[in-house]
Amino acid sequence: MATVITPSVLEAIFTGFNFCFADAYAKAPTQWEKVAMKVPSNTSEEHYGWLSQSPQMREWIGDRVVETLQLYGYAIKNRKYESTIGVSREQIEDDRYGIFGNIFRNMGRETRLHPDRLIFDLLSQGFTTPCYDGQNFFDTAHPIADKDGRDGFASNFAPGNGSPWYLFDTTQAVKALIFQERVPYDFKAITDGADAHVFLRDEYLYGVRARVNVGFGLWQMAYASKEDLDEVAYGNARSRMMQLRGDRGQLLGVTPNLLVVGPSNEARARHLLKATSVSTPNTQNGIPVGNTSFVFTGGGISNIWHESAELVVTPFLP
């Protein structure tokens with residue numbers, strides 16, 4: 001017997017589809033918030049007047065020194081995204097709408113992972129996409145001024161031929177990446193028989209819509225390397241980040257605490273951060289050479305980079 005389609009039947013079906021969507025959405029694991037900050041948006045685009053450097057404390061001698069902060073023009077324009085599924089009237093009349101449950105679960109999961117896709121795709125584009133200072137986000141020539149006001153350059157990139165990996169400082173108020181949200185992800189249905197699509201196609205629509213976008217924050221909070229991920233390259237990246245100076249030559253206090261890799265670097269990253277000891281260092285007369293991460297302890301060699309950063313492995317990077 002065919003189901004008599006009434007508003008209450010359609011509402012109950014939507015409730016079931018919404019449950020499948022919401023349940024999968026809530027359970028999907030995400031990682032974008034570990035590397036990006038969420039910024040609400042109130043218009044079609046947001047302008048970020050990023051500071052070249054936040055003011056730092058100085059000894060008060062004489063009058064206050066009023067800093068003239070250098071502002072950069074950088075805007076992130078919101079973009080509209082959607083995902084829609086059509087369910088034919090016949091599927092509901094014949095009580096076959098239950099087969100759509102897993103489809104809506106997959107929609108919920110993909111919706112929850114959408115910010116991950118956007119953020120990590122942006123990260124991989126950082127080698128060729130400018131940030132607020134006009135240089136590529138990952139670059140060897142970010143403009144800075146020394147303590148005497150003379151122009152200089154700073155780097156947050158180590159070139160090479162390997163798969164890229166990334167080191168972050170996520171302890172600061174402003175992070176390296178931005179997830180901007182104008183309208184959050186919202187699941188809706190069109191089931192009114194008077195709707196033009198429903199009338200012409202004999203099909204009900206269920207879909208999600210959002211207005212969001214991503215962009216770059218402070219390049220000082222991220223470091224990228226295309227060198228092979230090993231103890232030397234990792235140690236050098238940490239050192240270079242912590243030695244970053246802002247205008248007037250003051251150390252910025254950058255503290256790298258997060259290593260981000262794709263599947264191609266997962267094994268190296270886990271060995272680097274999770275192994276408590278190493279067995280095959282380069283040695284000369286029994287002493288490690290060219291690698292400061294090896295320390296002899298009794299009969300073994302300890303890995304000093306053990307647990308030195310949190311590890312994030314994402315499938316949305318190479």
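The values are calculated or read from the model by the stated rules, or taken from the named source; none is laboratory data. Just so it is clear, the model here is predicted, and its values are computed rather than measured. Here the Cβ is made from the backbone with ideal geometry for all residues, glycine too, and neighbour counts use every protein chain on show.
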Original post:
Based on what the data block shows, is residue 194 under 30 Å from residue 260 (Cα atoms), without any contact (Cβ under 8 Å) to a residue 40 or more places away in the chain and surrounded by fewer than 17 Cβ atoms within 10 Å (Cβ to Cβ)?
Top reply: no
Original post:
Counting only residues that are modelled with pLDDT under 95 and part of a strand (DSSP E or B), which one in segment 257-285 is surrounded by the fewest Cβ atoms within 10 Å (Cβ to Cβ)?
Top reply: 284
**OP:** Inspect segment 135-148 for any residue being modelled with pLDDT under 95 and in contact with a Leu (Cβ under 8 Å, 6 or more places away or on another chain) and give the result as yes or no.
**Re:** no
**OP:** Kindly check whether there is at least one residue in segment 61-69 that is under 37 Å from the mean Cα position of the chain (by Cα) and either modelled with pLDDT of 95 or more or buried (at least 16 other Cβ atoms within 10 Å of the Cβ) (or both).
**Re:** no
Subject >> Count - residues of segment 199-221 that are touching a Lys or Arg at 6+ places or on another chain (Cβ under 8 Å) and part of a helix (DSSP H, G or I) >> reply: 1
Subject >> Qualifying positions in segment 111-162 - farther than 20 Å from residue 81 by Cβ, out of contact with any strand residue (DSSP E or B) (no Cβ under 7 Å at 6 or more places or on another chain) and acidic (Asp, Glu) >> reply: 148
Subject >> Answer residue from segment 92-109, given it is at pLDDT 90 or above, surrounded by fewer than 17 Cβ atoms within 10 Å (Cβ to Cβ) and more than 23 Å from the chain's Cα centre (by Cα) and is farthest from residue 191 (Cα to Cα) among those >> reply: 102
Original post:
Mind checking which residues of segment 28-60 are over 19 Å from the mean Cα position of the chain (by Cα) and modelled with pLDDT of 90 or more?
Top reply: 42, 43, 44, 45
**OP:** Would you be able to say whether some residue in segment 163-173 is at pLDDT below 95 and out of contact with any Phe, Trp or Tyr (no Cβ under 7 Å at 6 or more places or on another chain)?
**Re:** yes
Original post:
Could you give every pair whose Cβ atoms fall below 8 Å, whose first residue belongs to segment 216-235 and is farther than 11 Å from residue 168 by Cβ, and whose second residue is among the hydroxyl-bearing types (Ser, Thr, Tyr) and assigned to a strand (DSSP E or B), counting only separations of at least 6 or pairs across chains?
Top reply: 225/166; 233/225
Original post:
Got at least one residue in segment 128-143 being of a type in the set (Gly, Ala, Ser) and surrounded by 15 or more Cβ atoms within 10 Å (Cβ to Cβ)?
Top reply: no
Subject >> residue 204 under 30 Å from residue 142 (Cα atoms), aromatic (Phe, Trp, Tyr) and surrounded by 22 or more Cβ atoms within 10 Å (Cβ to Cβ) >> reply: no
Original post:
Among the numbered criteria (1) of a type outside the set (A, V, I, L, M, F, W, C); (2) touching a residue at least 12 places away in the same chain (Cβ under 8 Å); (3) part of a strand (DSSP E or B), which single criterion is violated by residue 163?
Top reply: (3)
Subject >> residue 254 being part of a strand (DSSP E or B), touching a residue at least 60 places away in the same chain (Cβ under 8 Å) and either farther than 26 Å from residue 316 by Cβ or of a type in the set (Val, Ile, Thr) (or both) >> reply: no
**OP:** Filter segment 161-187 down to residues that are exposed (fewer than 13 other Cβ atoms within 10 Å of the Cβ) and not acidic (Asp, Glu) and give me whichever is nearest to residue 236 (Cα to Cα).
**Re:** 161
